[in-house]
Structure formats: structure tokens, C-alpha cells
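The structure appears right after this line, and notes come after that.
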Amino acid sequence: MVDVSVHDSADQAAHDAAIAIRDHVLTCVDHKQPCRLGLATGGTPLPVYRDLVRWVRSDRLRFDDVTTFNLDEYVGLAPDHPQSYHEYMRQNLFDEAGIRGCNAFLPIGSVVDPNQEARRYESLVVDAGGPTMQLLGIGRNGHIGFNEPGSPLDSITRVVDLADDTIAANSRYFQDISEVPRQAITMGIGTILRSHSIIVLATGLAKADAVARAIQDPVDASHPASALQLHSRVRWILDREAASLLHSDQ
Ligand code: PGA
């Protein structure tokens, strides 16, 4: 049985995801266990990060003993580039939540050899033991991280070409679509599946088809998010629109 929560609004869904992350951090602290959060970028998690920042400001949450690993970064963008995921994370979570750079890891996109950087990042994530909780979004084409359709289900962190649909979707953050990098370093599907638990947050009608295929269709590399069926601790958190193509028995 798939674990699916459906909320009336996108904000409510994001709030539920934020609560799951907060409770995970607090439980790790209580049990003196390591806490490693896998984090995602994009539009969907923004309200999650707003909730987490609010709780830090009101002293209800601390990230002192939390390590974070982001899913991906664009090849060619330096960490201080305004559209880099380093900058996104600093602006939307790290600076505001007191997460220090020494505890927060992302692949570095501006290195001379991105393939070597991908191998380094894979080792970093694997040697740490994988995220204890991974927050994921899903692309309209079913991608997770930047694992585009056709990505091997056992793939590891590597350099990938972005799909045209992804470049078009992400062009909203750039002045012109020609500025969107064509490649990224992304954790692989196999890397993501190492996470001890996974939360997938999806909101809006544009995600409905990708969500339904991920949950209801057979596992297939043509739809990377379907690989999440191979993991025993995945929780889907959706708004009504993103859930609208799910069969009623889900
Ligand atoms: P979005 O991206 O949150 O901006 O829709 C999600 C994704 O592509 O994984």
C-alpha cells in the first residue's frame, strides 16, 4: 500500500512535509542519532523551507547537528552564481536557519572536471551513510533530482544532459532560456534510493500525470520516479490537483 497524503492546498501539503522534516530532526536529536537531510530545490519546496525557517526563528527547531546533502547542481555555475542551487539554498534555508556551510553539501558545478566532482560527491553521500530523510520533488516528465527519463534505475551521481522539458521549466529562473545550463551533476536514482526514508512533495495540476505514473504504472526507467516503488519508506505528500489522476484506491 502506497503512503499517500492528499491536502486541500499546496501550502497545506508543504506544511505537512515541513512537519515531517521537523519531527525527523527532533527525533534524531532526542535519540542522539545522526540526522542527514537530503534536500531539493525548485519552486515546490519553497514553502517547506519557509516553515522550517519560521520554526528556527521561534526557537522550535535547530539544525546544529544536522548535515544536509542536496540532490544536484548545474554544471558551469559557480556556488555564488545567483541561479546556482548553492545560492538558492543559502537564500531560502541555510542562512536563515543557521545551517553552516561546513555541514551543508552540494555538488560543485564550476569545477574543471565535473565527472570527477560527481564521483567525489557520490562518495561523500555514500560514505556518510546516505540521507536519513530525503525531500524530493518530481518533474513534469517524471524526473527525480535531474535523473531524466531513461536514467538507469541503479544510476549513481553523475553528469547528465537536461531534457528539453526541464530546460523549458527552469528557464523561468533565468533572463533567457539560452542561459539555462544544459548539464547538471545529480545524485543518481540508486543514490536517492539509499536514503533511509523519502518524502515526495508534489503540487499543482502540471504534476498530476507524473505522480499517477510514478505510483500506478510499472517501474520503468522511462519514468524515473516510478523507481520509488522499489523503496519501502516513501511518503507522497500531494495537493488535490497533483493527486487528481490517482485511482481512488490509492
Ligand atoms: P519544481 O521542480 O518544484 O520547480 O516544480 C521539481 C522538480 O523538477 O523536481
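Structure notes:
- Residue match in segment 53-64 (condition: within 16 Å of the ligand (Cβ to nearest atom) and touching a residue at least 40 places away in the same chain (Cβ under 8 Å)): no
- Sole residue being of a type in the set (A, V, I, L, M, F, W, C) and in contact (Cβ under 8 Å) with a residue 24 or more places away in the chain, chosen from Ile167, Ile177, Ile156: Ile156
- Residue match in segment 2-25 (condition: more than 16 Å from the ligand (Cβ to nearest atom), farther than 15 Å from Ala202 by Cα, of a type in the set (S, T, N, Q) and open to solvent by 50 Å² or more (accessible area, probe 1.4 Å)): no
- Top-ranked residue in segment 35-52 [being open to solvent by less than 10 Å² (accessible area, probe 1.4 Å), hydrophobic (A, V, I, L, M, F, W, C) and assigned to a helix (DSSP H, G or I); ranked as nearest to the ligand (Cβ to nearest atom)]: Val48
- Filter pass, His81 being surrounded by 14 or more Cβ atoms within 10 Å (Cβ to Cβ) and closer than 30 Å to Leu245 by Cβ: no
- Selected residue (criterion: surrounded by the fewest Cβ atoms within 10 Å (Cβ to Cβ)) from residues of segment 126-147 that are within 11 Å of the ligand (Cβ to nearest atom) and not hydrophobic (A, V, I, L, M, F, W, C): Arg140
- Members of segment 155-190 found to be open to solvent by less than 30 Å² (accessible area, probe 1.4 Å), more than 15 Å from the ligand (Cβ to nearest atom) and among the polar types (S, T, N, Q), listed by number: Ser155, Thr157
- Residue in segment 80-87 that is over 29 Å from Ile189 (Cβ atoms), in a helix (DSSP H, G or I) and aromatic (Phe, Trp, Tyr) present: no
- Scanning segment 229-243 for residues that are within 16 Å of the ligand (Cβ to nearest atom) and either more than 16 Å from the chain's Cα centre (by Cα) or at pLDDT below 95 (or both) yields Asp239, Glu241, Ala242, Ala243.
- Of all residues in segment 200-228, those that are in contact (Cβ under 8 Å) with a residue 12 or more places away in the chain and either closer than 29 Å to Ser110 by Cβ or away from the ligand (no atom under 13 Å from the Cβ) (or both) total 14.
The values are calculated or read from the model by the stated rules, or taken from the named source; none is laboratory data. Note that the structure is a prediction, hence the values are computed from the model and not measured. As a convention, Cβ positions derive from the backbone with ideal geometry for all residues, glycine included, and neighbour counts pool all protein chains shown. SASA here: full protein model, heavy atoms, side chains in, ligands and nucleic acids out. Shrake-Rupley method; radii C 1.70, N 1.55, O 1.52, S 1.80 Å.
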